[in-house]
Amino acid sequence: MRTLPPLLSDQQLTEALAGFPSYASPPSLYRFQSNAGLSALTEGKLKITPPDEFNDPFEMSPGIAVDGLSKDDLRRSFLSPRGLSREGHAHRFENEKAYRDWVERVVIMAPHLWGKHLDAMRNAPVQGTSETYGITCFSAFPEAVLNGPLGIRHWAMYAKDHTGFVIEYDGRHALLKSWATSKWLFPVAYQKNRPIVNIAEFDEWTQEKAVQVLRRWSEMKCKQAWGEEMEWRLICPLAPDPQNRVEISSMTVDGRKLHFLHLWKSDALTGQRDAKAIKRVILGVRVDAKLEADIKATMATPDFQHAELHRAILCERDFALRTEPVKP
């Protein structure tokens, strides 16, 4: 079962997200890059990951309340005029009577299929929105956390064992502020217990509802597993922006399609980059020599005169890092 919500207009999106809070973006947002991530600096690329490619199976996957679930509940789920289940199943039948007869057989004679139905309801929003939207992630660490044990672990996990680099983005930059204002840039709401939804959640399914579910489910992560990461997420359409405000690109690597949001668009005539969204780059303790040379060359260009280049260094007395300026 798949439900493919087309991109909403700005007005539709504003109305769909009216009930969600708006957050002021933090002063700094960090992304850890491996030695293959130079284009994040040179082209302003941010990899966008569709929800069905998340590495944690609990993400975008709440539990569904099953206590007291009745035949009437299942029947309503299948037969709701604008329900997600009807959208996914009814088109396979010759007429409404044939569809209703099938529903009765499932509800009355095949209770072993109820679990599959609940799984289909939970998975359909993820599968559908993954065709249209993706998510990119940041860490909103204070400097002390970035240089402390948690930051050290992030360097190891996300910057290829400290051989990569970190980009510090200016959370107050106009582009990121606009994403926050639109409610597409937000902090993760870490949950101690797995969120539970009722099957009635899917009885009234519209384009706006699909977007609301994407926004709500994408902010939920397990507190015990991920709560220290201070993660912020940015939801972005995978399709090119029809109003040409931002640039979206894609490429295929080993048969897999990768999507990117560009934080700036290069001037076709001058080749200049509006790289003001980047305010600092930090080289890893074990940064690859060629990568360091490439980063220094990029930072030496006029586009990055505003930005700082630092290097991470091991503290002598503590399990901590410190940074010092580096000349491009």
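The values are calculated or read from the model by the stated rules, or taken from the named source; none is laboratory data. As the structure is a computational prediction, the values presented were derived from the model and not from experiment. Backbone-built Cβ (ideal geometry, glycine too); neighbour counts: all protein chains shown.
Of everything in the stretch 174-209, what is of a type outside the set (S, T, N, Q), assigned to a helix (DSSP H, G or I) and either over 15 Å from the mean Cα position of the chain (by Cα) or within 18 Å of Gly128 (Cα to Cα) (or both)? Give them in sequence order.
Here is the first cut: in the stretch 174-209, the ones of a type outside the set (S, T, N, Q) are 174-177, 179-180, 183-190, 192, 194-197, 199-205, 208-209.
Checking the rest, the ones that are also assigned to a helix (DSSP H, G or I) come to 174-177, 179-180, 199-202, 208-209.
Residues satisfying the conditions are Ala174, Leu175, Lys177, Ile199, Ala200, Glu201, Phe202, Glu208, Lys209.
Name, by its number, the condition in (1) closer than 30 Å to Thr132 by Cβ; (2) at pLDDT 95 or above that does not hold for Arg256.
Only one criterion is unmet by Arg256, namely (2).
For the stretch 47-97, name all the residues that are in contact with a strand residue (DSSP E or B) (Cβ under 7 Å, 6 or more places away or on another chain) and hydroxyl-bearing (Ser, Thr, Tyr).
Thr49
Any residue at all in the stretch 292-304 that is modelled with pLDDT of 95 or more, among the basic types (Lys, Arg), assigned to a strand (DSSP E or B) and within 17 Å of Gly164 (Cα to Cα)?
Checking the stretch 292-304: not a single residue is modelled with pLDDT of 95 or more, among the basic types (Lys, Arg), assigned to a strand (DSSP E or B) and within 17 Å of Gly164 (Cα to Cα).
May I ask you to list the residues in the stretch 301-322 that are in contact with a Leu (Cβ under 9 Å, 6 or more places away or on another chain) and not aromatic (Phe, Trp, Tyr)?
Leu309, His310, Arg311, Ala312, Ile313, Leu314, Cys315, Ala320, Leu321, Arg322
Looking at the stretch 25-40, which of its residues are of a type in the set (S, T, N, Q) and part of a helix (DSSP H, G or I)?
Across the stretch 25-40, the qualifying residue is only Ser39.
For the stretch 188-200: of the residues being touching a residue at least 60 places away in the same chain (Cβ under 8 Å) and surrounded by 16 or more Cβ atoms within 10 Å (Cβ to Cβ), which is farthest from Ser139 (Cα to Cα)?
Checking each candidate, the answer is Ile199.
Return the residues of the stretch 95-145 that are loosely packed, with under 14 Cβ neighbours inside 10 Å, within 30 Å of Tyr30 (Cβ to Cβ) and not charged (D, E, K, R); say none if nothing qualifies.
Pro142, Ala144
Condition first: assigned to a strand (DSSP E or B), in contact with a Ser or Thr (Cβ under 7 Å, 6 or more places away or on another chain) and either of a type in the set (A, V, I, L, M, F, W, C) or more than 23 Å from Val246 (Cα to Cα) (or both). Now tell me which residues in the stretch 41-70 satisfy that.
Leu46, Ile48 - these are the residues of the stretch 41-70 that are assigned to a strand (DSSP E or B), in contact with a Ser or Thr (Cβ under 7 Å, 6 or more places away or on another chain) and either of a type in the set (A, V, I, L, M, F, W, C) or more than 23 Å from Val246 (Cα to Cα) (or both).
I'm trying to understand the selection: among the residues of the stretch 302-326, which are surrounded by 13 or more Cβ atoms within 10 Å (Cβ to Cβ) and touching a Lys or Arg at 6+ places or on another chain (Cβ under 8 Å)?
Step one: of the stretch 302-326, the residues surrounded by 13 or more Cβ atoms within 10 Å (Cβ to Cβ) are 303-304, 307-313, 320-323, 326.
Those that are surrounded by 13 or more Cβ atoms within 10 Å (Cβ to Cβ) and touching a Lys or Arg at 6+ places or on another chain (Cβ under 8 Å): Asp303, Ala307, Glu308, Leu309, His310, Ala312, Ile313, Thr323, Val326.
Could you tell me which numbered condition Ile152 fails, if it satisfies all but one of (1) assigned to a helix (DSSP H, G or I); (2) buried (at least 16 other Cβ atoms within 10 Å of the Cβ); (3) modelled with pLDDT under 95?
Ile152 satisfies every listed condition except (3).
Check the stretch 237-250 and report whether any residue there is in contact with a helix residue (DSSP H, G or I) (Cβ under 7 Å, 6 or more places away or on another chain), within 30 Å of Gln12 (Cβ to Cβ) and either modelled with pLDDT under 80 or surrounded by 15 or more Cβ atoms within 10 Å (Cβ to Cβ) (or both). It would help to see each step written out before you state the result.
Initial filter on the stretch 237-250 (in contact with a helix residue (DSSP H, G or I) (Cβ under 7 Å, 6 or more places away or on another chain)): none.
Taking every residue of the stretch 237-250 in turn, none turns out to be in contact with a helix residue (DSSP H, G or I) (Cβ under 7 Å, 6 or more places away or on another chain), within 30 Å of Gln12 (Cβ to Cβ) and either modelled with pLDDT under 80 or surrounded by 15 or more Cβ atoms within 10 Å (Cβ to Cβ) (or both).
Can you confirm whether the stretch 71-94 contains a residue that is assigned to a helix (DSSP H, G or I), assigned by TED's automatic domain parsing to the domain that holds Ser28 and farther than 16 Å from Trp205 by Cα?
The answer is no; no qualifying residue exists.
Among the residues in the stretch 202-224, are any more than 30 Å from Asp10 (Cβ to Cβ) and either buried (at least 17 other Cβ atoms within 10 Å of the Cβ) or small (Gly, Ala, Ser) (or both)?
no
If I ask for residues that are at pLDDT below 95 and among the polar types (S, T, N, Q), which ones from the stretch 1-32 would you list?
Answer for the stretch 1-32, where residues must be at pLDDT below 95 and among the polar types (S, T, N, Q): Thr3, Ser9, Gln11, Gln12, Thr14, Ser22, Ser25.
To keep it simple, each residue is scored yes or no on (1) closer than 19 Å to Tyr158 by Cα; (2) β-branched (Val, Ile, Thr); (3) in a strand (DSSP E or B).
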position: Val211; (1), (2), (3): no, yes, no
position: Lys221; (1), (2), (3): yes, no, yes
position: Gln224; (1), (2), (3): no, no, no
position: Gly227; (1), (2), (3): yes, no, no
position: Cys236; (1), (2), (3): no, no, yes
position: Pro240; (1), (2), (3): no, no, no
position: Ile248; (1), (2), (3): no, yes, yes
position: Lys257; (1), (2), (3): no, no, yes
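Count, please, the residues in the stretch 194-212 that happen to be out of contact with any strand residue (DSSP E or B) (no Cβ under 9 Å at 6 or more places or on another chain) and either of a type outside the set (Ser, Thr, Tyr) or within 13 Å of Gly63 (Cα to Cα) (or both). Give the derivation first.
Initial filter on the stretch 194-212 (out of contact with any strand residue (DSSP E or B) (no Cβ under 9 Å at 6 or more places or on another chain)): 200, 202-210, 212.
Checking the rest, the ones that are also either of a type outside the set (Ser, Thr, Tyr) or within 13 Å of Gly63 (Cα to Cα) (or both) come to 200, 202-205, 207-210, 212.
Total meeting the criteria: 10.
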